[in-house]
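Have a look at the structure below before the remarks.
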Protein chains: 2
Amino acid sequence: MIDQDFVKELAQQLRVDSIRSSAAAGSGHPTSSMSAAELMAVLLAGHLHYDFDEPHNPGNDHLIFSKGHASPLLYSMYKAAGAISDEEMLTFRKLGSRIEGHPTPLLPWVDVATGSLGFGLPVGVGVALAGKRLDQLDYRVWVLCGDSEMAEGSIWEAFDHAAHENLDNLTVMVDVNRLGQRGETMHGWDLTSYAQRAEACGWQAIEIDGHDVDEVDRAIAQATGTQSRPTVIVARTHKGKGVKAVDDKENAHGKPVDDPTEAIAELGGERHLSVKVAPPAPGAKARQFAPSTVALPQWDVGTKVSTRRAYGDALAAIGGEHPDVVALDAEVSNSTYAEIFKKAHPERFFEMFIAEQQMVAAAVGMQVRHWRPFASTFAAFLTRAYDFARMAAVSRANIRLVGSHAGVSIGQDGPSQMGLEDLASFRAVHGSTVLYPSDPNQTARLVRAMVETDGVVYMRTTRGDTPVLYGPDEEFPIGGSRVLRSSESDQVTVVAAGITLHEAVKAAEVLAGEDINVRLIDLYSLKPVDAATLAEAARATDGRFVTVEDHWPEGGIGETVLSALADCGVVLRVTKLAVEVMPTSGTPDELLGLAGIDAEHIAAAVRKLAP
Amino acid sequence: MIDQDFVKELAQQLRVDSIRSSAAAGSGHPTSSMSAAELMAVLLAGHLHYDFDEPHNPGNDHLIFSKGHASPLLYSMYKAAGAISDEEMLTFRKLGSRIEGHPTPLLPWVDVATGSLGFGLPVGVGVALAGKRLDQLDYRVWVLCGDSEMAEGSIWEAFDHAAHENLDNLTVMVDVNRLGQRGETMHGWDLTSYAQRAEACGWQAIEIDGHDVDEVDRAIAQATGTQSRPTVIVARTHKGKGVKAVDDKENAHGKPVDDPTEAIAELGGERHLSVKVAPPAPGAKARQFAPSTVALPQWDVGTKVSTRRAYGDALAAIGGEHPDVVALDAEVSNSTYAEIFKKAHPERFFEMFIAEQQMVAAAVGMQVRHWRPFASTFAAFLTRAYDFARMAAVSRANIRLVGSHAGVSIGQDGPSQMGLEDLASFRAVHGSTVLYPSDPNQTARLVRAMVETDGVVYMRTTRGDTPVLYGPDEEFPIGGSRVLRSSESDQVTVVAAGITLHEAVKAAEVLAGEDINVRLIDLYSLKPVDAATLAEAARATDGRFVTVEDHWPEGGIGETVLSALADCGVVLRVTKLAVEVMPTSGTPDELLGLAGIDAEHIAAAVRKLAP
C-alpha cells in the first residue's frame, strides 16, 4: 500500500520540477509532464523495482516513456529517486548535458531514445518478450504512452503482439490528457475507444481517473496481479493539471509555462522529497543458452546458391557459436531463410508476422537486454520500419537487419517487391554498416562479423541462385573489398556487388577476349567502404570507372564510390549503371537487361570508356 | 438481388482463371485469389458501379486490392467484365505485359500499385475522403484486404481515420483465409478478433462465411445501406478453396498449383462467362472550388523569416490560384505552418493526427481523384511513411511532401526530432524531386512550381528564422541552382542549401576579407540537379569544392554534387562538411558549430583547400 499523502506530494513535486527544468531551459513540455504526475508518482513510490545504482542489474524493471516529450517528468522522477541531482536536472536541454530534450541512453537508466511517437511501446514489447522468452526473469516493463500517439499504427502492432505473446509482464499507461500539439486528439476523453480496442486485442483494460492516486494504485496492483495478458491503464488526465493558466488549455503544448513562479506557488511550492525505490529481488540471473560448436557452412566454388539461403544457413550455425544471437522475421522466413535458424534454435526465433515496425522495435528491445538480434524480411519491406532504424541509431542500439529480394533481379513479382532504395536509406542511418555480399561463403563470413558489429548493421541479400566465387576459407572483413581481377594493364575499373558482380564477371571475361582489361572490385562493404583500394584503382585505370548496381542511381554503389574518391587526385570518368526506369514484371535476366545492368551493358559501358 | 447460380459459376471461373494465369506465368498467387472468389464475384455482378470503357468517369466506384498478391483474381475479374481479353490475361507476369505480378496503374482501372501489404486500405480511405469531402460524389470505395496484412499498423491507422471521418462510402472485405505465407496468421479464423477491433474504432463489422454468396450479398447490401460509418465484412474463407490439393493447406502460398489441369477439372472446367458491370449514374461531376487570385506573399531582403513559415504562407496563396490543391498534416500544423492553409481553405485541409502513413496514403488517394495534395510534418517523422513514398512512386502518384524541422539547427529538442536522412531517402525514390530552399521568396516560388510537378515531390524546410536573401521577383526553376557569389578569381566553390547557405554567406564574407574568393552556389534543387553550373564551377575553381549540409554525410548535398561531377574532366578536391556525430540538445548555433557546419568551419575548410 502506498502512502497516499506522500504520493500526492510527490506528484506535485514532479510537476513543480517539470516546470522548473523547462523554465530553466526556455523550452520543453511541462504540461505533457504534469498530466502524468500521479501515474508516475504511484509507480515510482509503490510499484517500480529498480536499482538506480546498478542500471545493469538484470532484475531491474524497465520504464519507457513512449511519450518521450514528457522528459521533464522522467528527469523529475530521476531526481526524486536520487539518481540525478536537482542541479543536473536543471541542465535540461543545455549543450553538454545528458538531460536532453527527449530521453536518450546517454542516461544509464534510459533503455531507448524516444521522441518519435509510437516507438517506445513496441520496444517495450520487445523487452517484455525478452523477459518472458529469453531471460526468463521476473522484471516488469512499464510504458507511458500519450494519447496522441495512439493514432500511430505501430502502437496497434504492439498491442496485437503483446497479447498474442501473453505478456503479462507488460503494463501500459495511456495518459489521456485529451490535447495534442495543435488541438484535441481524435478521441478526446473517450477512454472506452482505447480500452475496447485493447480488449479486442486480448488485453486487460482499466479505465481510471489518472489524478486519483488510489485509483492509479489499485489499477497497477490489478495489472501486476493479472496472469497471461498485458494490461493497459487508460487514464483520464488534464494536460497542465494543477496550474490554472495551462490546465486543460489549448496552445499550451511544448513550451514553458508563462509564469513559473506563480505556477510553482499554485502547486504548493518547491519540494525535495526523495523516494526510496524498491530494488529488484537480489540474484537475478538471465537464462543463458548453451553454445554448440557448429562449423560455418561451406559451399564449393562452381556450384550455385543464393545469398539469402547462405544467410539462413550461416545464421543457424552462428546461433550455435553465439548463444546470445536471436532471430526475428516478418512472416517471410521461408523466403529470407530465417526458417533455418528457427529450426535449429526454436527458442530464440520470433515470428513477428507482417509487422515490420514491431519487428525492428522488438529487436531493439531485445538488445536492451543484451541479446544480439538479426531481423529479416524483404528489403523492400524494411522501408516500412525506416523510422525505427533511425530511432535505433539514436538509441545507440546494436541490431542487425537483413533485407532479401533486393533489386529487379527478383523478376516476376514486380516493383512493389523490389528493394531498390535500401542501400541509400541504410547508408543514411547514423553509425550504420551496410553489406552486400555476392557469394555464399562471403555471406557466411559477413554474418559472423555482423554479430560483433555495433550499431544498425544492414545486409542485403539476393533472391536468385548465383555461382560460388570464393572459397570457404577466404576472409571478408567489414570495410574491405575484394579485387577479383587486376593486372598492370587495366584500362577500366568495374565496381559491383551482389547480383551485378556476377554480371561484371561475365562482362570482364568477354572484354578480356577483346584485349580490354578490366579491374574488377567486389564492393561487398558499402559502409564502411574500402577507399584505399578504390583510390588505387583510380590511379591504375586513370580514373575510369564503371559502377553497376541493382538499385536506384542515388545513394548506392555509384555514389559510395564517388564519395570515397572525392579527393583522390585523379580526373574521374565514372559511368554509373543503375536502375533508372521503373521496372515491371519479367524474368530476372530480362529485367537486368532492361535496367541496363547486365553483362552486355557493363561491357558496352567499358568499351565506351576504355582509352 | 444477384442471380446466385450465375454468381457461383462466376466465382468458379475467377478461380479457374487465377489458376490458368499463374500456371501460364509459372508463378503468382492463385490460392490467395481463390479464397476471395465469391467476395469478388458478388461484388462484380451485384454491387460494383464501374464503366470499364471510361476508367476516368468521376462517378466510377473504386476497387483496391490491398492484398495485391491476389492479382490473378483481379485480372480474372477484368476478363469477366470484358476489360481485358483472355489472351491478355494469360500474359500475366511476362515482360511487356501490363498484367504485372502485382497490380500497378499501368492498367487504367488500377488506382494504385499494391503489393506492399497495409498500403491499399489507407489509400482507399484517402479516396473515400476525397469522395465525401472534396468531390462530393456518390462513388463507393471497395477494398479487399488479406488477413495477414491486418498485422500492419497502417491498417489500424486507416480503421481509426475512416470511422472518425464517418466514411460510409467505404467497404472493406477481409479475406480471412487463415494462412499467411509461411503458416497460420496470428488470429487464424478468429473473425471476432478483427470485428471487435473494427467496432471499437467505430465501424460496422459483419462476420460471414465468405464462400456463401447469399451471405456475401446480404453483407454488402447491409454495408451500402448503412449511414455515417464504414463497414468491414470479415469473411471466413479457405485459401485455395475448391481444389483439394491446396484447399486450406500450408505450403501452397505464392506458387502455381501443381496440376492445373486436374485443378481446373475439379472446379468444373474453364468458363467464359461475362458480367455486365453496372455503370455509375450518368453525369457525375466532381465539385470544384472557386479560384481566387491571391498574390504570392513577398518578403523584403534583410528581414528574417523561416522557410517553414514561408511554406505555409505560400501554400495558402497558391491554394487560391489552384483550387485543386489540398493540404494534409500530421497534427503539427502549427509547426509546419500548414495551419495557414487551413485557415484560408478549411474545406481543403485534412487533419491526419499523428499517423504519417495514413497521411501519405490519403494524399495518394486524393490524387487518384486528381486533387493535388501537399502533406506536411517534421522531416524526421516522414521516415515513418518511407514505404508509402516508395509505393506512391510505383503507383505513379503525384504527391507533394514537406518536411519541416530539418537538421541539427532545430536545437534543443534533440536528435529524435531532427530530419537528417530525408535528402538521401527522398532522392532514392524513383522519379522524385527534392528541394531545399534557404529563403522565403525562393520557397514561395518553389511551392508554386511543386503544384505542376509530377511524381513524389519533396521539400525540406527549416525551423529557424533566417535572412531574406532574394527579391520576390527572382525565378527559381526546379532543376536550377543559384550562384550567389562568383568572380574571375574564385579559388574554391562552396555548395550549400537551406540553413548552411546562410553560414556559407557569412564564411564567404569573412574569406573575402582575407583575399580568398569563394564561388557560392545555392543548391536549392538537389534532384534534378543543375550539373552544368556545378561543372562550370569545377572548371573555374580547379575542382576545389566545399559542400556543407545539415544532414548525415550520405546521400545529401555532398554526394549529389559528386554524382553530378562524375565525369566533369577536372581533378576534384571535394571537402564534405556534414553531420558526422550524433547530435544532442543545444542551441541551434551551438549545434551547427559542434557538427562542424557553421560559418567558422566552412571558412576553415576553404582556407585549407584554397591554392
Suppose we filter A:Glu157, A:Glu165 for residues that are open to solvent by less than 10 Å² (accessible area, probe 1.4 Å) and of a type in the set (Asp, Glu); which single one remains? A:Glu157
Contact list, first residue from region A:168-193 and within 28 Å of A:Gln222 (Cα to Cα), second anywhere and surrounded by fewer than 22 Cβ atoms within 10 Å (Cβ to Cβ) and aromatic (Phe, Trp, Tyr), beta-carbon distance below 7 Å, six or more apart or interchain, is A:Val176/A:Trp189; A:Arg178/A:Trp189
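Just to check your reading of the model, which residue among A:Asp5, A:Asp53 is open to solvent by 10 Å² or more (accessible area, probe 1.4 Å), modelled with pLDDT of 95 or more and part of a loop (DSSP other than H, G, I, E, B)? I'd like the intermediate steps shown before the answer.
On the way: A:Asp5 fails: part of a loop (DSSP other than H, G, I, E, B).
Being open to solvent by 10 Å² or more (accessible area, probe 1.4 Å), modelled with pLDDT of 95 or more and part of a loop (DSSP other than H, G, I, E, B) holds for just one of A:Asp5, A:Asp53, which is A:Asp53.
Please go through region A:569-603 and pick out each residue that is polar (S, T, N, Q) and within 30 Å of B:Thr114 (Cβ to Cβ).
Kept after step one, since they are polar (S, T, N, Q), are these residues of region A:569-603: A:575, A:584-585, A:587.
Answer for region A:569-603, where residues must be polar (S, T, N, Q) and within 30 Å of B:Thr114 (Cβ to Cβ): A:Thr584, A:Ser585, A:Thr587.
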In region B:467-488, what count of residues is obtained for those that are in contact (Cβ under 8 Å) with a residue 60 or more places away in the chain and of a type in the set (Gly, Ala, Ser)? 1
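I want to confirm something. Restricting to region B:378-414 and keeping residues that are hydroxyl-bearing (Ser, Thr, Tyr) and within 12 Å of chain A (Cβ to nearest Cβ), which single residue is farthest from the chain's Cα centre (by Cα)? Explain how you work it out, then say what you get.
Keep residues of region B:378-414 that are hydroxyl-bearing (Ser, Thr, Tyr), which gives B:383, B:386, B:395, B:404, B:409.
Restricting the remaining residues to those that are within 12 Å of chain A (Cβ to nearest Cβ) gives B:383, B:386, B:395.
On the way: B:Thr383: 12, B:Tyr386: 8, B:Ser395: 8 Å.
Taking the candidates together, the pick is B:Thr383.
Within region B:110-135, which residues are more than 8 Å from chain A (Cβ to nearest Cβ) and aliphatic (A, V, I, L, M)? Don't jump to the end; show me each part of the working.
Of all residues in region B:110-135, those more than 8 Å from chain A (Cβ to nearest Cβ) come to B:110-112, B:119-135.
Within region B:110-135, B:Val110, B:Val112, B:Leu121, B:Val123, B:Val125, B:Val127, B:Ala128, B:Leu129, B:Ala130, B:Leu134 meet the criteria.
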Condition test on B:Gly302, is it open to solvent by 30 Å² or more (accessible area, probe 1.4 Å) and either at pLDDT below 95 or of a type in the set (S, T, N, Q) (or both)? yes
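Only one of B:Arg308, B:Arg369 is among the basic types (Lys, Arg), touching a helix residue (DSSP H, G or I) at 6+ places or on another chain (Cβ under 9 Å) and surrounded by fewer than 24 Cβ atoms within 10 Å (Cβ to Cβ); which? Walk me through how you get there before you give the answer.
Numbers: B:Arg308 fails: surrounded by fewer than 24 Cβ atoms within 10 Å (Cβ to Cβ).
The unique qualifying residue is B:Arg369.
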Note on A:Ala200: of the conditions (1) free of Cβ contacts under 8 Å to residues at least 12 places away in the same chain; (2) more than 26 Å from A:Gln358 (Cβ to Cβ); (3) of a type in the set (Gly, Ala, Ser), unmet is (2)
Go through (1) away from chain A (no Cβ under 14 Å); (2) over 19 Å from the mean Cα position of the chain (by Cα); (3) open to solvent by less than 10 Å² (accessible area, probe 1.4 Å) for B:Met150 and report which single condition fails. (1)
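Just to check your reading of the model, which residue among A:Phe353, A:Phe381 is in contact with a strand residue (DSSP E or B) (Cβ under 9 Å, 6 or more places away or on another chain), of a type outside the set (Ser, Thr, Tyr), open to solvent by 10 Å² or more (accessible area, probe 1.4 Å) and within 15 Å of B:Gly153 (Cβ to Cβ)?
On the way: A:Phe353 fails: in contact with a strand residue (DSSP E or B) (Cβ under 9 Å, 6 or more places away or on another chain).
The match here is A:Phe381.
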Any residue at all in region B:181-200 that is within 14 Å of chain A (Cβ to nearest Cβ), more than 19 Å from A:Gly153 (Cα to Cα), of a type outside the set (A, V, I, L, M, F, W, C) and surrounded by 23 or more Cβ atoms within 10 Å (Cβ to Cβ)? no
Of the residues A:Ser71, A:Ser76, A:Ser85, only one is surrounded by fewer than 19 Cβ atoms within 10 Å (Cβ to Cβ) and over 19 Å from the mean Cα position of the chain (by Cα); which? A:Ser85
What number goes with the only condition from (1) away from chain A (no Cβ under 14 Å); (2) open to solvent by 10 Å² or more (accessible area, probe 1.4 Å) that B:Ala375 does not pass? (2)
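Can you work out which of the residues in region B:88-109 that are more than 12 Å from chain A (Cβ to nearest Cβ) and assigned to a loop (DSSP other than H, G, I, E, B) is least open to solvent (accessible area, probe 1.4 Å)? Let's see the steps before the verdict.
Quick first cut of region B:88-109, residues more than 12 Å from chain A (Cβ to nearest Cβ) only: B:88-90, B:108-109.
Those left that are additionally assigned to a loop (DSSP other than H, G, I, E, B): B:90, B:108-109.
Working: B:Leu90: 53, B:Pro108: 50, B:Trp109: 23 Å².
Restricting to residues being more than 12 Å from chain A (Cβ to nearest Cβ) and assigned to a loop (DSSP other than H, G, I, E, B), the top hit is B:Trp109.
Determine which member of the set A:His551, A:His502 is under 34 Å from the mean Cα position of the chain (by Cα) and closer than 23 Å to A:Val301 by Cβ.
Result of the check over A:His551, A:His502: A:His502.
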Tabulated pairs, region A:525-539, first touching a residue at least 60 places away in the same chain (Cβ under 8 Å), second open to solvent by less than 60 Å² (accessible area, probe 1.4 Å) and in a helix (DSSP H, G or I), C-beta under 7 angstrom, 6+ apart or interchain: A:Leu526/A:Leu423; A:Leu526/A:Arg427; A:Leu526/A:Ile557; A:Leu526/A:Thr560; A:Lys527/A:Arg427
Just give me the residues in region B:333-347 being surrounded by fewer than 22 Cβ atoms within 10 Å (Cβ to Cβ), touching a residue at least 24 places away in the same chain (Cβ under 8 Å) and not small (Gly, Ala, Ser), in sequence order. B:Glu339, B:Lys343, B:His345, B:Glu347
Tell me which residues, restricted to region A:312-332, are assigned to a loop (DSSP other than H, G, I, E, B), open to solvent by 30 Å² or more (accessible area, probe 1.4 Å) and either in contact with a helix residue (DSSP H, G or I) (Cβ under 7 Å, 6 or more places away or on another chain) or within 13 Å of chain B (Cβ to nearest Cβ) (or both). A:His322
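Within region B:226-244, identify whether any single residue is polar (S, T, N, Q), open to solvent by less than 30 Å² (accessible area, probe 1.4 Å), touching a residue at least 40 places away in the same chain (Cβ under 8 Å) and part of a loop (DSSP other than H, G, I, E, B), and answer yes or no.
Here is the first cut: in region B:226-244, the ones polar (S, T, N, Q) are B:226-228, B:231, B:237.
Add one more test, that the residue is open to solvent by less than 30 Å² (accessible area, probe 1.4 Å), and what stays is B:226, B:231, B:237.
Remaining after also requiring touching a residue at least 40 places away in the same chain (Cβ under 8 Å): B:226, B:231, B:237.
From what is left, the residues that are part of a loop (DSSP other than H, G, I, E, B) are B:226, B:237.
The answer is yes; a qualifying residue exists.
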Which residue is nearest to B:Arg390 (Cα to Cα), if the candidates are limited to region A:559-574 and must be in contact with a strand residue (DSSP E or B) (Cβ under 6 Å, 6 or more places away or on another chain) and more than 7 Å from every other protein chain (Cβ to nearest Cβ)? A:Thr560
Which ones in region A:480-524 are surrounded by fewer than 19 Cβ atoms within 10 Å (Cβ to Cβ) and touching a Ser or Thr at 6+ places or on another chain (Cβ under 8 Å)? A:Gly480, A:Val483
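In this structure, is A:Glu509 part of a helix (DSSP H, G or I), more than 24 Å from A:Ala392 (Cα to Cα) and not polar (S, T, N, Q)? Break it down into steps so the answer makes sense when it comes.
Values: part of a helix (DSSP H, G or I): yes; more than 24 Å from A:Ala392 (Cα to Cα): yes; not polar (S, T, N, Q): yes.
Here the answer is yes, as A:Glu509 does meet what is asked.
Given the options A:Gly242, A:Gly225, name the one that is farther than 19 Å from A:Met150 by Cβ and in contact with a Lys or Arg (Cβ under 6 Å, 6 or more places away or on another chain).
A:Gly242
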I'd like the full set of residues that are in contact (Cβ under 8 Å) with a residue 24 or more places away in the chain, open to solvent by 20 Å² or more (accessible area, probe 1.4 Å) and closer than 17 Å to A:Ala497 by Cα, limited to region A:581-598. A:Pro588, A:Ala595, A:Asp598
Meets criteria (in a helix (DSSP H, G or I), within 13 Å of another protein chain (Cβ to nearest Cβ), in contact (Cβ under 8 Å) with a residue 40 or more places away in the chain and open to solvent by less than 30 Å² (accessible area, probe 1.4 Å)) for A:Ser18: no
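The values are calculated or read from the model by the stated rules, or taken from the named source; none is laboratory data. Keep in mind the model is a prediction, meaning the values are calculated, not measured. Note: ideal-geometry Cβ built from the backbone for every residue, glycine included; neighbour counts use all protein chains shown. What goes into the accessible areas is simple: the full protein's heavy atoms, side chains included, and nothing from ligands, DNA or RNA. Shrake-Rupley method; radii C 1.70, N 1.55, O 1.52, S 1.80 Å.
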